[in-house]
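*Asks:* Below you will find the structure I want to go over with you.
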Amino acid sequence: MAFTDLLDTLGGVGRFQLVYTALLLLPCSLLACHNFLQNFTAAVPPHHCQHPTNHTATNDSGAWLRATVPLDQHGVPESCQRFTEPQWTLLRPNTSFQGAATESCKHGWVYDLSVFPSTIVTEWDLVCEARTLRDLAQSIYMAGVLLGAAVFGSLADRLGRKAPLVWSYLQLAVSGAATAYFGSFSAYCVFRFLMGMTFSGIILNSLSLVVEWMPTQGRTIAGILLGYSFTMGQLVLAGVAYLIRPWRWLQLAVSAPFLIFFLYSWWLPESSRWLLLHGKSQKAVQNLQMVAVMNGRKEEGERLTIEVVRSYIQNEYASVLTSNSILDLFRSPAIRKVTCCLMVVWFSNSVAYYGLAMDLQKFGFSIYLVQALFGIIDIPAMLVATTTMIYVGRRFTVASFLILAGLMVIANMFVPEDLPALRTAQAALGKGCLASSFICLYLFTGELYPTEIRQMGMGFASVHARLGGLAAPLVTTLGELSPILPSVGFGATSVLAGLAVLCFLTETRNLPLVETIAAMERRRLRQEDPKFKPSLGNLVT
C-alpha cells in the first residue's frame with residue numbers, strides 16, 4: 001500500500017485539499033507580481049538633458065530644447081547628449097545643422113512623468129552611463145532567487161516544508177516594505193536580494209505541500225492551478241501597476257499582503273509524508289486525523305494509529321537514509337539521469353522565458369497592455385497543458401511546449417521590425433508556451449524525485465533555473481554583435497531542452513509518488529526488466 005491510498009481512505013480530494021491548496025496558491029499569485037515588478041518600478045520614461053542651472057529659460061521650452069539637444073535618427077531628442085553651445089540657427093524653418101560639438105548631460109535629465117510619476121530610474125538617474133545599474137538591480141534580485149533555491153531546498157528536507165515557508169512569507173513582507181521605505185539605491189538592491197531569496201522558499205515549499213497532501217488523481221490539477229495562479233498574478237500586476245503609478249507605493253501594495261499570509265500560515269499542517277519519514281509519527285497521525293475531520297471522514301480518522309499509518313509507508317520508511325546531501329542527487333543511476341537532464345531543462349526553460357518576459361518596453365506598446373497580454377495568453381496555453389498532462393502525460397507536454405516555444409522564438413527573427421504587432425503576438429505565444437512548460441516542469445520534477453530528497457532535488461533544479469534567469473540578460477547583450485544571436489540562443493536552447501525531456505525522462509502520469517531513492521531504483525530496474533525481482537543486493541545502491 002502507498003501513502004496515497006491512505007489519503008484516498010480519508011476522503012481523497014476533499015474539503016481539506018481544496019482549502020489547503022487555495023491558501024497556498026494565493027501567495028503564489030502575488031509572488032508573480034514581484035518577479036515582474038521591475039518592468040514597472042524600473043521603467044525608463046522618455047528623457048533628455050537638463051539645461052544649465054544658471055540659465056533662465058524654462059526647461060520644457062520647445063525652442064530651448066530644439067537649440068540645445070540634438071535629434072536622433074527618429075527625430076526624437078537625444079537622451080544622453082546635448083550641444084556644448086545652443087544652436088539657435090536650428091530654430092529657423094527648414095534648417096538642419098550637422099557637426100556641432102556635443103557633450104554628455106552634465107546637469108542631469110528631464111523626464112516625461114506623464115506615464116510614470118516616479119520610478120527607480122527617475123529617482124536615481126539610472127540612464128545613459130548609469131543605465132547598467134537598472135539591469136544590475138534585476139540581476140541582484142535573480143541572484144537572491146538563486147541563493148534561495150539552494151538554501152530553502154536543503155532546509156525543507158531537514159526542517160520540513162512548513163517552517164521555511166512561514167519564514168519566507170515574513171521575510172518577503174518585511175523586505176518589500178523596507179524596499180519601499182529606504183531612499184538609497186544600495187539599500188534597494190539589498191532588500192530586493194532578500195526578496196528574491198523568498199521566491200524559491202515560497203514556490204518550492206508550496207508546491208511540495210500541495211503535491212504531498214494531494215492524492216494521485218488530483219496532482220495534475222493542483223500543479224496546473226499553480227500555473228493559473230501565476231497567470232492571475234501577472235494580470236493583477238498589470239491592473240495594480242496601472243492604478244498605482246509611484247514605484248514606492250506599488251512596491252508596498254504587492255508586499256503588504258504577505259504579512260496576512262504569514263499570519264494564517266501557522267494553521268497550515270506540515271506534510272505527514274515528511275513527518276513519517278523523519279520519525280515524527282505522532283504529529284503525522286494528528287495531522288491526518290484533522291484531514292479526516294475536514295473531509296467528513298471522522299470515523300476513519302479515529303481508527304488511525306501510528307502502526308496503521310506506518311504500514312502505508314513501511315517499505316519506504318525502513319529504507320530512508322538519515323543523512324541528505326547534494327551527492328544523493330547523483331548516488332544511483334536513476335536519480336543521476338533525472339538530475340542531469342533536469343539541470344539542462346530548467347536552465348533552458350528559464351533563459352528563454354526571462355529573455356522574452358523581462359523587458360516589455362522593447363515591444364513599443366503600452367507596457368500595461370503587454371503585461372496583460374503576456375498574462376492572458378497563458379490561460380489557453382495552460383488549458384491545453386492541463387488536457388495533455390491528464391490524458392497524454394507529463395513528458396510529452398513539457399517537451400512539446402519547449403520545442404514549440406523555441407521554434408516560435410526562432411521564427412520571430414524573420415518577422416520585419418515594421419510589424420511590431422505581429423512580433424509582439426508571436427513573442428506572447430512563445431512566452432505562453434514557456435510559462436506552461438515551466439509550470440508542468442514544477443509538477444513533473446516533484447513527481448520524479450522521491451520524498452526523502454524531493455525538496456533538495458527541486459531546489460537544485462531551481463538553482464539552474466535561476467542561473468538561466470541570470471544568463472538571459474547576457475544572451476540579450478549578444479544582440480550588439482548580431483541582432484539574430486539572442487533569438488537563436490533562446491530558441492535553440494528551448495528546442496534542445498524539449499528533445500532532452502523526450503530522450504531521458506520517464507512518464508509519471510497516474511503513478512504514486514516514490515518515497516525513497518531505493519524505491520526509485522527498483523522502479524527503474526522493473527522498467528528495464530519486467531522480470532526483475534528485488535533482492536537485498538539491488539535494494540542498496
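*Asks:* Could you pull out every residue, at least 5 positions away or on a different chain, whose amide H is within less than 5 Å of the one on Y111? Hs are placed 1.01 Å off N in the peptide plane, and Pro or chain starts have none.
*Replies:* Here the answer is none, since no amide H 5 or more places off falls under 5 Å of that of Y111.
*Asks:* Taking H as built 1.01 Å from N, whose amide H comes closer than 5 Å to the amide H of T508, not counting residues under 5 places away?
*Replies:* Those lying under 5 Å, H to H, from T508 are R394, R395.
*Asks:* Taking Kirkwood radius over Cα pairs in Å as the quantity of interest, determine which of [x] 29.2; [y] 23.6; [z] 25.2 was computed from the displayed structure.
*Replies:* Here Kirkwood radius over Cα pairs in Å agrees with entry [z].
*Asks:* Please tell me which of these pairs span more than 25 angstrom C-alpha to C-alpha: K162/K280; K106/K362; K280/K337?
*Replies:* Violating the 25 Å Cα-Cα cut-off are K106/K362; K280/K337.
*Asks:* I would also like to ask the following. With a 10 Å radius around each residue's Cβ, average the other Cβ atoms per peptide and rank 173-179, 402-408, 20-26, highest first.
*Replies:* Ranking, from highest mean packing down: 402-408, 173-179, 20-26.
*Asks:* While we're looking at this one, here's another question. Could you state the angle between the C-alpha long axis of helix 517-528 and the longest principal axis of the C-alpha atoms of the chain, as a value from 0 to 90 degrees rounded to the nearest 10?
*Replies:* Taking Cα atoms only, the helix is inclined about 80 degrees.
*Asks:* Specify whether the C-alpha gyration tensor of the range 325-540 places it in the rounded, prolate or oblate class, a ≥ b ≥ c being the square roots of the eigenvalues: rounded for a/c under 1.5, otherwise prolate if a/b is larger than b/c and oblate if not.
*Replies:* It is prolate, given that a/c is not under 1.5 and a/b is the larger ratio.
*Asks:* How large is ³J(HN,Hα), in whole Hz, for each residue of the range 172-188 in order, when computed from phi with the Karplus curve 6.51 cos²θ - 1.76 cosθ + 1.60 and θ = phi - 60°, using x for Gly and Pro?
*Replies:* Once θ is set to phi - 60°, the couplings for the range 172-188 become 5, 4, 5, 5, x, 5, 5, 4, 6, 8, 6, x, 10, 5, 4, 5, 4 Hz.
*Asks:* Could I have the simple spin-label model distance between L496 and R131, label points 7 Å from Cα toward Cβ, reported in nm to one decimal?
*Replies:* That separation, rounded to one decimal, is 3.0 nm.
*Asks:* Continuing with this model, one more query. What shape does the range 418-537 take by its C-alpha gyration tensor, where a ≥ b ≥ c are the square roots of the eigenvalues and a/c under 1.5 counts as rounded, a/b above b/c as prolate, and the rest as oblate?
*Replies:* prolate
*Asks:* Calculate one ³J(HN,Hα) per residue across the range 192-209 by plugging θ = phi - 60° into the Karplus curve 6.51 cos²θ - 1.76 cosθ + 1.60, and present them in order as whole Hz with x for glycine and proline.
*Replies:* Per residue, the Karplus-derived 3J(HN,Hα) values read 5, 4, 5, 5, x, 4, 6, 4, 5, x, 7, 5, 5, 6, 4, 5, 5, 5 Hz.
*Asks:* Decide, for the range 335-423, between rounded, prolate and oblate: order the square roots of the alpha carbon gyration tensor eigenvalues as a ≥ b ≥ c, take rounded if a/c falls under 1.5, and otherwise choose prolate if a/b is larger than b/c, else oblate.
*Replies:* Because a/c hits 1.5 or more and a/b exceeds b/c, the range 335-423 counts as prolate.
*Asks:* What distance in nm separates the simple spin-label points at A101 and K337, each placed 7 Å from Cα in the Cβ direction?
*Replies:* Placing both labels 7 Å beyond Cα along the Cβ direction yields 7.1 nm.
*Asks:* What's the center-to-center distance, using Cα atoms, between the range 323-349 and the range 441-476 in Å?
*Replies:* So the two Cα centres are separated by 10 Å.
*Asks:* Then there's this: Which whole-Hz couplings ³J(HN,Hα) result when phi for each residue of the range 132-149 is put into the Karplus expression 6.51 cos²θ - 1.76 cosθ + 1.60, θ = phi - 60°, listed in order with x for Gly and Pro?
*Replies:* Each residue's phi maps through the Karplus curve to give 5, 5, 5, 5, 4, 4, 5, 5, 5, 4, 5, 5, x, 4, 4, 5, x, 4 Hz.
*Asks:* In whole percent, what relative contact order does the range 325-540 give with Cα contacts below 8 Å and a gap of six or more residues?
*Replies:* Numbers: 287 pairs, mean separation 78.7, N = 216.
So the answer I get is 36 percent.
*Asks:* Once you measure Cβ to Cβ distances between cysteines in the chain, which Cys have no partner under 4.7 Å?
*Replies:* For the chain, the answer is C28, C33, C189, C340, C341, C433, C440, C503, because their Cβ atoms have no other cysteine Cβ under 4.7 Å.
*Asks:* A further question follows. Tell me the mean residue ellipticity at 222 nm calculated for the chain from its helices only (DSSP H runs of n ≥ 4, each -39500 (n - 2.57), averaged over every residue, nearest 500).
*Replies:* On the way: 25 runs with 359 residues, N = 541.
The helix contribution divided over the chain gives -21500 deg cm²/dmol.
*Asks:* If you count only protein heavy atoms with a 1.4 Å probe, what accessible area per residue comes out for the chain, rounded to a whole Å²?
*Replies:* 42 Å²
*Asks:* If you stretched the chain out fully between V308 and S184, how much longer would it get, using 0.36 nm times the residue separation minus the C-alpha to C-alpha distance? Kindly include the intermediate steps, with their values, before the conclusion.
*Replies:* Values: separation 124, 0.36 × 124 = 44.64 nm, distance 5.83 nm.
The V308-S184 span can extend by a further 38.8 nm.
*Asks:* If you don't mind, another one. I want to check the label-to-label distance for M290 and L113. Put each point 7 Å from Cα in the C-beta direction and report it in nm to one decimal.
*Replies:* 5.0 nm
*Asks:* A further question follows. Report H107's accessible area, 1.4 Å probe, all protein chains in place, as a number in Å² to the nearest 10.
*Replies:* 70 Å²
*Asks:* Please give the solvent-accessible surface of F182 in Å², to the nearest 10, using a probe radius of 1.4 Å with every protein chain present.
*Replies:* My reading of the accessible area for F182 is about 90 Å².
*Asks:* Note the angle between two axes, namely the Cα long axis of helix 367-376 and the longest principal axis of the Cα atoms of the chain, as a number of degrees from 0 to 90, rounded to the nearest 10.
*Replies:* Relative to the chain, helix 367-376 is tipped by roughly 20 degrees.
*Asks:* Can you list residues from other chains, or at least 5 along the same chain, whose modelled amide H is less than 5 Å from the amide H of T102?
*Replies:* Distant-sequence amide H within range of T102: T84.
The values are calculated or read from the model by the stated rules, or taken from the named source; none is laboratory data. Predicted model only: the values in this text are computed from it and were never measured. Because the Cβ atoms are built from the backbone with ideal geometry, glycine has one as well, and the counts that use them run over all protein chains shown. In case anyone asks, the SASA skips ligands and DNA or RNA and just uses the protein heavy atoms, side chains included. Shrake-Rupley method; radii C 1.70, N 1.55, O 1.52, S 1.80 Å.
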